[in-house]
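Below is one structure, written out as C-alpha cells; the observations come after it.
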Amino acid sequence: MVSVAQAEEIIQSNLYQPQKWMVTLSDAVGRVLAEEILCDRDFPPFDRAAMDGIAIAHSAWMKNIRSFAIESIQAAGTPRQSLTHETHCIEIMTGAIVPAGTDAIIRYEDITIHDGNAVVNIPEISRHQNIHRQAQDASEGDTLLKPGMVISPAEIALLASVGYSEVPVFSFPNAAVVATGNELVDVTDIPAMHQIRRSNTYALEAAMKQMRWDVTHYHVPDDKERLTLSLKKIMLDHDMVILSGGVSKGKFDYVPRVLEEVGIKKIFHQVSQRPGKPFWFGVGDHKSVFALPGNPVSTYMCYYRYIKPWLLASLRVSQPPTFAVLATEFTFLPSLTYFLQVRIKNEQGRLMAYPDAGGGSGDFANLKDVDGFLELPLERSVFQAGEVFPFIPFR
C-alpha cells in the first residue's frame, strides 16, 4: 500500500506525451495552448483615442488657448489626418488614430461646441491624456501567450488580434472508460431488483468533457475470459483507460490480474485513503491505466484527486493548490487520509468548508449537496475548526 503523496508522485512521473493539433479559432476555447504566441505588431499599433472628444496640441494649451476651431473629424478606421494649425482641433472618436500634430484628447463632456469652435471647460489637462499610446500594452515580437495556458475567451481575443485563424493546441489522450460488473445495466434499461443502472461511466465522461476531452465508454461483465478479450482490444485502441469496479479482493474482482495479463505493469495497488483505498495504477507501452473502485464516490474522488491533475500536468498546465478552512470540528479514527465531502462558503474572502460526509463511498446522491473534498492527513484523528487543509473542488 502507498500513501496519497506517493500515489500522486508515481502518477505524475508517468505523464502522457501530447502531440500538437491545429484547431479552428472558434473551437480553441477550453483547449490548452501548445506554442508560444508572439505579437506580430505593437499593441496598440498606433496612438489610439481612448475617448470621444477633440484632439489638440498640448503646446497650444500651454499658451493659454482655451477655444479651438474644429478642422475636421477623425473617425475610427480612417487614415490619419494632420492638424493644420496649433490653435485648431480635430474631433476624434474612440479607437481612432490620433492625428499628427495632436497629443492630448479632451472629452466631449469637458467642452462646449458652438459655431464650429470647441471651448474647454476644465482647468487642467495633461499631455497624452486619454490617449492609448502605441506599444503601451506590448511591443512587436513580445510573448503574448505561453504553452500550457487554458484558452479562455480573453486568449481568443488575443489570438484573433495576431491573425491566428487556426490555433496550436495539445492533444488529449485517446481515452476509454470501462465499467465492470454483472449488476450494471444501461441507463435506458429497467433494472431488476438485483441490478442498478450504470452511472460511473457517465459521470467520468461528463467530467472529462468539461475539459473538452472526449472519451469512449464500455461495459464488461464480471467474467475473466470476456474481460481479457475486451481489455486486449481496448488497450490497442486507446492511450489511457479508466476502469471502474473489480479492483478489490472479491472473488469476481478480476481486473488487477487481467490487466497484468494483457501487458499492463502494476505500479501500485491500494492507497492509504478513504474513499478509494483499492485504487490500482499501471503502465504499459506508452499507456496509462487507472483502475478505480466501483463505489461512485470513490470513483469520483479519484478522478479529481489523481486523473484530472495527471492530464493537466501532461498538458503543462500550471496547477496552483487550493485550500479551505474547516468550519467545524471533525473526527476520523482510521489511520488513512480521509477525503471529506464538504460544502463551501466564501465568508469575507475565506473559503469555509462545512463537512457533509454522507453515507459512505456508495452514497453518490450526497454529491449533489457538496462542492468537493477536503483532504485530511492520516497522522491525525481529530481535526479542529479553523485549520486549513487542501481542497479538491469538483464544481
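The values are calculated or read from the model by the stated rules, or taken from the named source; none is laboratory data. Note that the coordinates shown come from a computational prediction; the quantities given were computed from them, not determined experimentally. Cβ placement follows ideal geometry from the backbone for every residue including glycine, while neighbour counts extend to all protein chains displayed.
Do we have any residue at all in region 226-235 that's assigned to a strand (DSSP E or B) and touching a helix residue (DSSP H, G or I) at 6+ places or on another chain (Cβ under 6 Å)? No: region 226-235 contains no residue that is assigned to a strand (DSSP E or B) and touching a helix residue (DSSP H, G or I) at 6+ places or on another chain (Cβ under 6 Å).
Count of region 308-320 residues, restricted to those that are at pLDDT 95 or above and either out of contact with any Asp or Glu (no Cβ under 8 Å at 6 or more places or on another chain) or more than 28 Å from G148 (Cβ to Cβ) (or both), is 9.
Being part of a strand (DSSP E or B) and not basic (K, R) is the filter here; which residues of region 196-210 pass it? Please lay out each step first, then the result.
Quick first cut of region 196-210, residues part of a strand (DSSP E or B) only: 196-197.
Selection gives I196 alone.
Condition check for G181 on (1) over 21 Å from the mean Cα position of the chain (by Cα); (2) in contact (Cβ under 8 Å) with a residue 12 or more places away in the chain; (3) exposed (fewer than 15 other Cβ atoms within 10 Å of the Cβ): one failure, at (3).
Looking only at residues in region 157-176 that are among the polar types (S, T, N, Q) and either touching a His at 6+ places or on another chain (Cβ under 9 Å) or outside any helix (DSSP H, G or I) (or both), which one is nearest to D214 (Cα to Cα)? Break it down stepwise before answering.
First, the residues of region 157-176 that are among the polar types (S, T, N, Q): 161, 165, 171, 174.
Add one more test, that the residue is either touching a His at 6+ places or on another chain (Cβ under 9 Å) or outside any helix (DSSP H, G or I) (or both), and what stays is 165, 171, 174.
Values: S165: 23, S171: 11, N174: 8 Å.
Among residues in region 157-176 that are among the polar types (S, T, N, Q) and either touching a His at 6+ places or on another chain (Cβ under 9 Å) or outside any helix (DSSP H, G or I) (or both), the one nearest to D214 (Cα to Cα) is N174.
Might you let me know whether region 263-281 holds any residue that is in a strand (DSSP E or B), β-branched (V, I, T), under 29 Å from V169 (Cα atoms) and not assigned by TED's automatic domain parsing to the domain that holds S381? The answer is no, given that none of the residues of region 263-281 is in a strand (DSSP E or B), β-branched (V, I, T), under 29 Å from V169 (Cα atoms) and not assigned by TED's automatic domain parsing to the domain that holds S381. Residues of region 111-128 that are closer than 19 Å to A60 by Cα and surrounded by fewer than 16 Cβ atoms within 10 Å (Cβ to Cβ): T112, I113, G116, N117, V119, N121, I122, P123, E124, S126, R127, H128.
Among strands (runs of 3 or more DSSP E) entirely within region 338-395, having at least 2 residues that are farther than 15 Å from A327 by Cβ singles out 388-393.
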